[in-house]
1. Give me Rg/Rg_expected for the stretch 447-526, where Rg uses Cα atoms only and Rg_expected = 2.2 N^0.38 Å with N residues.
2. Once the Cβ-Cβ distance between residue 361 and residue 417 is put in as r, and R0 is 30 Å, what FRET efficiency do you end up with, to the nearest 0.05?
3. Counting other C-beta atoms within 10 Å, which of 295, 599 has the fewest, and how do the rest follow?
4. For residue 27 and residue 590 in one chain, what is 0.36 nm times their gap in residues minus the Cα-Cα distance, to one decimal in nm?
5. State the extension gain, in nm to one decimal, for the chain segment bounded by residue 15 and residue 235, taking 0.36 nm per residue of separation less the distance between their alpha-carbons.
6. As a test of the formula, what do you get for the chain when each DSSP H run with n ≥ 4 contributes -39,500 (n - 2.57) and the sum is divided by the residue count, at 222 nm and rounded to the nearest 500 deg cm²/dmol?
7. Mean projection of the alpha-carbon convex hull of the stretch 2-80 over all orientations, in nm²?
8. What is the extension gain from residue 263 to residue 160, computed as 0.36 nm multiplied by their sequence separation minus the C-alpha to C-alpha distance, in nm to one decimal?
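Readers should treat all values here as calculations from the given coordinates under stated rules, not as data from a laboratory. Bear in mind that the values here come from a model prediction, so they are computed numbers and not experimental data. Virtual Cβ from ideal backbone geometry, glycine too; neighbours counted across all protein chains shown.
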Ligand SMILES: Cc1cc2nc3c(=O)[nH]c(=O)nc-3n(C[C@H](O)[C@H](O)[C@H](O)COP(=O)(O)OP(=O)(O)OC[C@H]3O[C@@H](n4cnc5c(N)ncnc54)[C@H](O)[C@@H]3O)c2cc1C
């Protein structure tokens, strides 16, 4: 017989809004699976099923108001109907569970460390002097001696030689070059662009964040109208905005050129391709030169991916085109609801475009925990004209009056005319464009290169770092890998061995996460305890006019150490850094909760989330904690 599932004790709250219904009649649920999400003015909380079974009816819908004891659903309990988890109360309701089966971007699988197994350089004693010319000496392995000899031979026919050659001067490449030079290596840095800094500094992280800052100022000025301060409608001078963006870029890239000089890193401008295991050719025609290298570090990055059959039309932009800010289109279609697409959507929406976002999967920011995205999406919904999930673009057709987009989603086909379209569907690694075959370096069909924990490819003396070795495609991952590769190429025993790489969406609100996500914990059966502190109870958030946000921490159930964290709200990208350190240091809830955080700050939400886990929180009333 069907049994009633009721709203448990949710503290002092009455008539709390249902903001999400996560199940439907016919679903089979396990004990503790989330059924609905409630949001009060203090907290968002999931209500879990008190027992395993099959739902026969769901009695609530989004927008309903419920209180303790209201019936949420009817279910037939499996296994005789005994309650598997009688604890259907505020304690268990406090946790925010993500929906099962959500997709998570997986890091690119790495090959096993081959160099160590084959007795390459990393297997022997580190020999800092083994990177230059010269025959094998005492303590040098046979592969070292062979590579030395091969380099010597390559140098005979080359225009120049170097101990470490770096292909690509993005955050991975320039960091590797500078570190190798600081370790005393003779370094050549080859870069196709006029300016150093790669995608990140020239057409990625830096220009996009400058534009997002402009967008934030516009949005905040608008929001202050409700709080007694009016600025009037903003006047946008696109030249001025572009100057602001480019000044940041020029300062940073100019600084890199200066630092390369100071370190005596030789910068060669031109497109490079390997022509042998120790040779790279740069440039064309009479500008062509060949460079012999003892070690190489491939840091050639990635390019924006294109839609199949995507027509060439200046109104169909990739992220680079969007950052050029040619105009403010009246109607903009953003194809791809990942971080890059949403950041640019935010910029154009703030500047005045009507933005429509289409995303192929069932949620924005694929790979991010749904409870975090839900908070973001609630606000994003207000910023954009429309967001279409589970929707693909079938065709983009340039017409005189705009780009006609034919899309297909859950309700069938629909179309629309847009002044511009931004295609932000991911990035393609550049492994196929660099003549890797000639050097013997294996590249997969997606252009990615496999490496070991020293960033070494299948060829012992050639390393690869950054976007070209796979996810997460982030600048800080690239630069850390760059240091490891430079040190390993210089004979040091460095390995890339981190517990957490933070990801940040610089949207409004920001979304940041690090380490194990709830989605991954569910998929991999990692037992975690979750504690989430709602920003509605954070003093600083209220003084900033922030109405929602969360700081959630995940602790390993076995040893109590923090393994993951996620934050939504302004400055989430800054706040996550403390939690990355906590994960690296293996902190438990008490370590974080007993750390004195300044008041009033958003950082207090980190300490208070840890206090929830430790059961010592006083800034919220949570029944049944000690
Ligand atoms: C719009 C946008 C916003 C982003 N925002 C962020 C962010 O906020 N935070 C973050 O962490 N990441 C961000 N990223 C991602 C970040 O830019 C990349 O992860 C990072 O730049 C990768 O660094 P890399 O060193 O691997 O390669 P890249 O930065 O891609 O640099 C590779 C360089 O190699 C050069 N090159 C390639 N092939 C050759 C060749 N054969 N010869 C000579 N030169 C060659 C290229 O010209 C390029 O300069 C963003 C990306 C975009 C597009």
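1. Working: Rg = 14.8 Å, N = 80, 2.2 N^0.38 = 11.6 Å.
So the stretch 447-526 has a normalised radius of gyration of 1.27.
2. 0.75
3. Values: 295 29, 599 10.
In order of increasing Cβ crowding within 10 Å: 599, 295.
4. Values: separation 563, 0.36 × 563 = 202.68 nm, distance 3.85 nm.
Fully extending the segment from residue 27 to residue 590 adds 198.8 nm.
5. Taking 0.36 nm per residue and subtracting the Cα distance, the gain is 74.9 nm.
6. Details: 17 runs with 181 residues, N = 626.
After summing the helix terms and dividing by the residues of the chain, the value is -8500 deg cm²/dmol.
7. Result: a mean projected hull area of 4.5 nm².
8. Between residue 263 and residue 160, full extension yields an extra 35.2 nm.
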